[in-house]
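For reference, the structure discussed in these notes is given below.
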Amino acid sequence: MSKPSILFITTDEQHLDTVYSSRLPYALPGLQGLMGRSDVYENAYSASPVCLPARCTWMTGLEPHRNGCISNNFGASLPRELPNLFTCLGQSGYKTSLHGKCHFAPCPYPAVRPYLLQEYNAFKLYYQSLGIEHLDLQDDKNISLWFYDDYSSEMERKGTLKEYHRRFVKEKVRGEIPDYPYDKECHPDSWTGQKALDYLDTCRPEDPHFMWVSFSGPHYPMDAPSDYNDRIDMDHDLPRRWREGEWDDETKHNRMGYFGTGPCTEGGGNAIDGAQKNFDAAYWRRWRMKYYANIIQIDEYIDQIIRKAEGIWGDNLQIIFTADHGDMMGNHSLWGKNSAIYNDVLRVPLIVHHPGQKERKNVPERVSSKDVFPTLLRMGDAPLPENIDGKPLEQVVQEGGRDVVISSCEGRVAVIKGHMKLVYNGVGFEMHEKVKIYREMYDLERDPWEFENVYGDPGYQQDRKTLEKILLDEPNLLRTVFYTDDDRPYWFNDGHGSGYAFNGL
């Protein structure tokens, strides 16, 4: 028998509860069917709370401060010289493809304009240079509304891009969630799913494939086609976890996003006066309905893709499903992720199906998304590069799980050891001006939803010292997150002392 084919399915910004909760307000035949015959990791953490660093960790098995990819819009793109999923599996005899979102290079956000879409071909050429043999590029919903990736170029030719762009970018109204204007088949996630199905038509059973299907939903904007709304029972909505008066505590970084006084999660961009406190209960209900609808839409394609892939490779197929990070989803009265480092954002679903597996196995040990890279390589019998941070998942479990996990990106870092969690969250107001660092600590056993900051509590000082020592002992972690090379405190760093760089092209 030839090597097993590998199907890697990912979503963007999907909360753990939307897959694992025992009381979902909708059905997920694709993912629920897969979970029934897979290893289900109950305590998987993302190596980064934002897209690009999390994805580059998948690609390399290196944490963001080790591969240099620390930000969605600042710092380094994924270095070509690093071994990655496509080069390693390609050298091991696999045909490789990616359908959907890459985001291995910082988005040039300063260049975006609401009144026009811009060229994006250089990004596609760069992605292909990373070893991707076949690429159908839909590089994030927002990217497709700002730049001509494969999806938006095709929709432009069909005449189905203009109204989508008008509603969600050009004439977007704060406090409103517009409806998607076209048939569901025109939506970015449907496009990605269909491209994957079309590619499977070209695959032969005797050829091992590494196929990454990378959906850009349920990441905002909340744009799911209305076709899926009637499949949701909002009377069984997942509970929104928040506490009256929790933002009276001035030691908490995300207080600024709640009141609209500073850096915030993406939800602040759609809030009146930029303050998420201005969203009422009706808004939260509609937002969550649209979020769920997008998840149902994606699952519809996941189900079809898995069935079709198994029709080709049968039991000679490995499958992994996960998300790059989560979403606040209204918890703490926030949605989005930017500037947030709660477990709503850090914990992710992780489902691993082995060839011929028929039963579900719940895995309680704590693992990290940096373990996905070596796991995929081990599946493909490809040699593991030296000095990577991740380990194959089975090895991590055999060792009892990870006692310590770290998640970081530009401006913030979290370290979790046992049931204690320490967060450093930085705010830089002007270039090279001093950074203010918010320090928070949570006892996840006593306070699992992270309401009470115990950083200054005398009863937790030994825990604080233990966690801070882990950060200080991790080479270059705090330097990468908060400092430039000449030790000037500054929010962003590309590893070369400047505040912004794109080195991929």
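Give me a count of the residues in the range 237-266 that are assigned to a helix (DSSP H, G or I) and open to solvent by less than 60 Å² (accessible area, probe 1.4 Å). Before the answer, list the steps.
Here is the first cut: in the range 237-266, the residues assigned to a helix (DSSP H, G or I) are 246-248, 255-259, 266.
From what's left, open to solvent by less than 60 Å² (accessible area, probe 1.4 Å): 246-247, 256-258, 266.
So the count comes out to 6.
Counting only residues that are at pLDDT 95 or above, touching a Gly at 6+ places or on another chain (Cβ under 7 Å) and not polar (S, T, N, Q), give me the helices (runs of 4 or more DSSP H) lying completely in the range 299-404 with at least 2 of them. Before you say what the answer is, go through the steps one by one.
Values: elements: 343-346, 372-379, 393-398.
Here the list reads 343-346, 372-379.
Taking Ser408 and the conditions (1) among the small types (Gly, Ala, Ser); (2) open to solvent by 30 Å² or more (accessible area, probe 1.4 Å); (3) in a strand (DSSP E or B), which numbered condition does it fall short on, given that it satisfies the others?
Of (1) among the small types (Gly, Ala, Ser); (2) open to solvent by 30 Å² or more (accessible area, probe 1.4 Å); (3) in a strand (DSSP E or B), only one is false for Ser408: (2).
Inside the range 217-236, can you point out the residues that are acidic (Asp, Glu) and either at pLDDT below 95 or open to solvent by 40 Å² or more (accessible area, probe 1.4 Å) (or both)? Steps first, answer last, please.
Here is the first cut: in the range 217-236, the residues acidic (Asp, Glu) are 223, 227, 230, 233, 235.
Across the range 217-236, the qualifying residues are Asp227, Asp230, Asp233, Asp235.
Quickly run through the range 196-216 and pick out the residues that are part of a helix (DSSP H, G or I) and open to solvent by less than 50 Å² (accessible area, probe 1.4 Å).
The first filter runs over the range 196-216 and keeps only residues part of a helix (DSSP H, G or I), leaving 196-200.
Scanning the range 196-216 gives Ala196, Leu197, Tyr199, Leu200.
Per-residue answers, yes or no, for (1) surrounded by 22 or more Cβ atoms within 10 Å (Cβ to Cβ); (2) in contact (Cβ under 8 Å) with a residue 60 or more places away in the chain:
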residue: Trp313; (1), (2): yes, yes
residue: Thr322; (1), (2): yes, yes
residue: Val345; (1), (2): yes, yes
residue: Met379; (1), (2): yes, yes
residue: Asp389; (1), (2): no, yes
residue: Leu393; (1), (2): yes, yes
residue: Gly400; (1), (2): no, no
residue: Met420; (1), (2): no, no
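Under 6 Å between Cβ atoms, at least 6 apart or on separate chains: pull out the pairs that start in the range 267-282 with a residue that is in a helix (DSSP H, G or I) and end on any residue that is open to solvent by less than 10 Å² (accessible area, probe 1.4 Å) and polar (S, T, N, Q).
Gly267/Gln276; Gly268/Gln276
Check the range 176-184 and report whether any residue there is open to solvent by less than 10 Å² (accessible area, probe 1.4 Å) and either within 16 Å of Ser97 (Cα to Cα) or outside any loop (DSSP other than H, G, I, E, B) (or both).
Looking for residues that are open to solvent by less than 10 Å² (accessible area, probe 1.4 Å) and either within 16 Å of Ser97 (Cα to Cα) or outside any loop (DSSP other than H, G, I, E, B) (or both), one finds none in the range 176-184, hence no.
Given the condition surrounded by 15 or more Cβ atoms within 10 Å (Cβ to Cβ), in contact (Cβ under 8 Å) with a residue 60 or more places away in the chain, more than 26 Å from Arg37 (Cα to Cα) and of a type in the set (D, E, K, R), answer yes or no: does some residue in the range 288-298 qualify?
Yes, the range 288-298 has at least one match.
The values are calculated or read from the model by the stated rules, or taken from the named source; none is laboratory data. Since we're looking at a predicted model, the values are computed, not measured. Cβ sites come from the backbone with ideal geometry, for glycine too, and all protein chains shown count toward neighbours. Keep in mind that these areas ignore ligands, DNA and RNA; they rest on the heavy atoms of the full protein, side chains included. Shrake-Rupley method; radii C 1.70, N 1.55, O 1.52, S 1.80 Å.
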